[in-house]
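The values are calculated or read from the model by the stated rules, or taken from the named source; none is laboratory data. Since we're looking at a predicted model, the values are computed, not measured. Don't worry about glycine lacking a Cβ; one is built from the backbone with ideal geometry, like all the others, and counts go over all protein chains shown.
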2 protein chains.
Amino acid sequence: MVELSVVGILAGLDQVALADVERHINRKTFSAGAQIIEPESDSSDVYLILSGKVRIVNYSLSGREITLEEIGAGGCVGQLSAIDGEPRSACVLAVTNTDVAIVSPANFEKIVKNHPSVAWSVIRELARIVRTSTRRIVDVSTLGANERVVAEILRCSQIEIAEDGSAMLSPVPVHSEIASRVSTSRETVARVMGTLARNGLIAKVELGLYVPNVQRLEEFLSESIH
Amino acid sequence: MVELSVVGILAGLDQVALADVERHINRKTFSAGAQIIEPESDSSDVYLILSGKVRIVNYSLSGREITLEEIGAGGCVGQLSAIDGEPRSACVLAVTNTDVAIVSPANFEKIVKNHPSVAWSVIRELARIVRTSTRRIVDVSTLGANERVVAEILRCSQIEIAEDGSAMLSPVPVHSEIASRVSTSRETVARVMGTLARNGLIAKVELGLYVPNVQRLEEFLSESIH
C-alpha cells in the first residue's frame with residue numbers, strides 16, 4: 001500500500017498527523033482511461049494521487065477537448081470544488097492505472113486549517129497553477145498555433161536541459177497531447193515538428209526527442225515572432 | 001486612514017490580530033497610472049488594496065498588452081512571488097488613485113501560517129483566479145474573437161442581472177478594456193457591439209450599457225458557436 005507521505009501537500013506532516021489523515025480517506029484504484037471526476041457530478045471530493053497519472057481536461061461549448069494539465073503521483077486534483085463549493089471546473093481522466101486517496105471537502109478544510117504546513121503547500125500548488133495558466137493565456141492570446149507548438153517543446157526542453165545545452169525529452173511527446181496542451185490540431189503539431197527536424201533543431205532518436213541546442217530553439221522562436 | 005479590515009483575506013481576524021498585522025505593513029499611495037509592480041523588479045512584496053483600483057497586465061514577447069484582471073479595494077496583488085520566490089509574473093498598474101498596505105514576503109508567510117482563517121482566504125482567492133484563468137484558456141482556445149467579446153459582455157451581465165432578466169452595466173464598458181481582457185482588437189469589440197445593438201441585444205443608455213434580456217444574449221452566443 002502506497003504511503004500518504006508521497007503526496008506533496010502532506011509532505012510536512014509527521015507520522016502521527018499522517019496516521020490521522022489516513023483515518024479520514026478512502027482509497028480507490030482507477031483503470032487507465034477511466035473518468036475520475038465527471039463534470040456533471042456534484043461531488044466535491046479531493047483526490048490525492050498515490051501512483052499513476054491523470055489528465056485534467058475541459059471541453060469547449062462545441063465539445064473540443066482542451067488539456068489543462070497532467071498530474072502524476074504525489075499530486076492533488078479536484079481541490080477547487082472542495083475549496084469554493086462551486087461545480088467542477090474540469091474533468092479528470094486516469095491516463096495509466098491510478099491509485100488515489102479520496103478526501104471529503106469537510107476533511108480537506110479541517111486538514112488545511114489544522115496544519116499550517118499543509119495550508120502553505122496548498123497555497124504553493126495553487127500559485128503554480130496560476131502561473132502556468134497565466135503563461136498559457138498570454139501564449140494563446142498572442143502567439144500563432146505554430147509558435148505555440150515551438151514554445152511548448154521549448155518549455156519541456158528547458159526542464160531537461162543538460163550541461164552541454166542539449167535536452168532529451170523521453171519518451172517522444174505524443175503529437176495529439178501537445179496539440180491538446182497548446183490548443184491546436186495534431187496536424188499542426190506534426191507540420192511544425194517536421195520543420196524543426198529539417199532545421200536540425202530537434203531529432204527523433206532511440207531514447208526520445210533530442211534537442212541538440214535548447215538556446216538555438218529559443219532563438220528560432222523569438223525570430224519567428226518578431 | 002482606511003482600516004485593514006476592508007481586506008478580504010484579513011476578514012476573519014479580530015482587532016488584536018489586525019493591530020498586529022498593522023505593525024508589519026507599510027502604507028503607500030499610488031497616483032492613477034502609476035506602476036505599482038514592475039516586471040523587472042526583484043521585490044516580492046504583497047500589496048493589499050485599501051482603496052482605488054489596479055489592473056494586472058502581462059506583455060507578450062512582441063509587446064502586446066494582455067489584461068489579466070482588475071482588482072478593487074479589499075483585494076490582494078503580488079502574492080505569487082511572495083509564495084514561490086519566483087520573479088513577478090505580471091505588472092500591476094494603478095487605474096485610479098490607490099492606497100495600499102505593503103507586506104514583506106516573510107511577514108505574509110508568517111500571517112498565513114499563524115492564522116488558519118487567512119490561509120483559507122488566500123486559498124479561496126487563488127482558487128478563484130484558477131477558475132477565471134481556466135475559463136479564459138478554454139474561451140481563447142476555442143472561441144473566435146467575435147464570440148469572446150459576446151461571452152465577456154454576457155459574463156458582466158450575469159453578475160448584474162435584475163429580477164426581470166435584464167442587466168445594466170454601469171459605466172459603459174470601455175472598448176479598449178474589453179479588447180485587452182479577451183485578447184482582441186478595439187475595432188473587433190466596436191464591430192461586435194454594433195451588431196449586438198442592431199439586434200436589440202444591447203443598448204447604450206444614459207446610465208450605462210443596457211442588456212434587456214440576458215438569456216437572449218446567452219442564446220445568441222450559443223447559436224453563433226454551433
- Task: Would you check which residues across region A:100-109 are over 23 Å from residue A:1 (Cα atoms) and more than 10 Å from chain B (Cβ to nearest Cβ) and list them?
- Result: A:105, A:106
- Does residue B:134 meet the test of being touching a strand residue (DSSP E or B) at 6+ places or on another chain (Cβ under 8 Å), over 25 Å from residue A:85 (Cα atoms), outside the structural domain of residue B:211 (by TED's automatic domain parsing) and not hydrophobic (A, V, I, L, M, F, W, C)? no
- Enumeration of residues in region A:171-199 that are among the β-branched types (Val, Ile, Thr) and surrounded by 14 or more Cβ atoms within 10 Å (Cβ to Cβ): A:172, A:178, A:182, A:184, A:188, A:189, A:192, A:195
- Query: Among the residues of region A:81-95, which ones are within 14 Å of residue B:128 (Cα to Cα) and either assigned to a strand (DSSP E or B) or acidic (Asp, Glu) (or both)?
  - Reply: A:84, A:86
- Per the filter on region A:8-36, residues surrounded by 15 or more Cβ atoms within 10 Å (Cβ to Cβ), within 14 Å of residue A:99 (Cα to Cα) and touching a Cys at 6+ places or on another chain (Cβ under 9 Å) are A:36
- Message: Go through region B:56-99 and report how many residues are closer than 22 Å to residue B:126 by Cβ, out of contact with any Ser or Thr (no Cβ under 6 Å at 6 or more places or on another chain) and within 14 Å of another protein chain (Cβ to nearest Cβ).
- Response: 17
- Query: Among (1) over 19 Å from the mean Cα position of the chain (by Cα); (2) at pLDDT 90 or above, which single condition is residue B:219 missing?
  - Reply: (2)
- Based on what the data block shows, is residue A:178 in the same structural domain as residue A:83 (by TED's automatic domain parsing) and part of a helix (DSSP H, G or I)? no
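Yes/no matrix, rows are residues, columns are (1) β-branched (Val, Ile, Thr); (2) in a strand (DSSP E or B); (3) over 30 Å from residue A:148 (Cα atoms); (4) more than 16 Å from the chain's Cα centre (by Cα):
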position	(1), (2), (3), (4)
B:27	no, yes, yes, yes
B:41	no, no, no, yes
B:44	no, no, no, yes
B:47	no, yes, yes, no
B:55	no, yes, no, no
B:58	no, yes, no, no
B:66	yes, yes, no, no
B:69	no, yes, no, no
- Query: Got a sec? Which of B:202, B:159, B:111, B:123 is within 22 Å of the chain's Cα centre (by Cα), of a type in the set (A, V, I, L, M) and surrounded by 15 or more Cβ atoms within 10 Å (Cβ to Cβ)?
  - Reply: B:123
- Query: Is at least one residue of region A:2-24 touching a residue at least 24 places away in the same chain (Cβ under 8 Å), part of a strand (DSSP E or B) and in contact with a helix residue (DSSP H, G or I) (Cβ under 9 Å, 6 or more places away or on another chain)?
  - Reply: no
- Query: So, of the residues in region A:118-169 that are among the acidic types (Asp, Glu) and part of a loop (DSSP other than H, G, I, E, B), which turns out to be nearest to the other protein chains (Cβ to nearest Cβ)?
  - Reply: A:160
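Every residue, every condition in (1) among the β-branched types (Val, Ile, Thr); (2) modelled with pLDDT of 90 or more, yes or no:
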residue	(1), (2)
B:131	no, yes
B:143	no, no
B:160	no, no
B:165	no, yes
B:171	no, no
B:187	no, no
B:197	no, yes
B:213	no, yes
B:225	yes, no
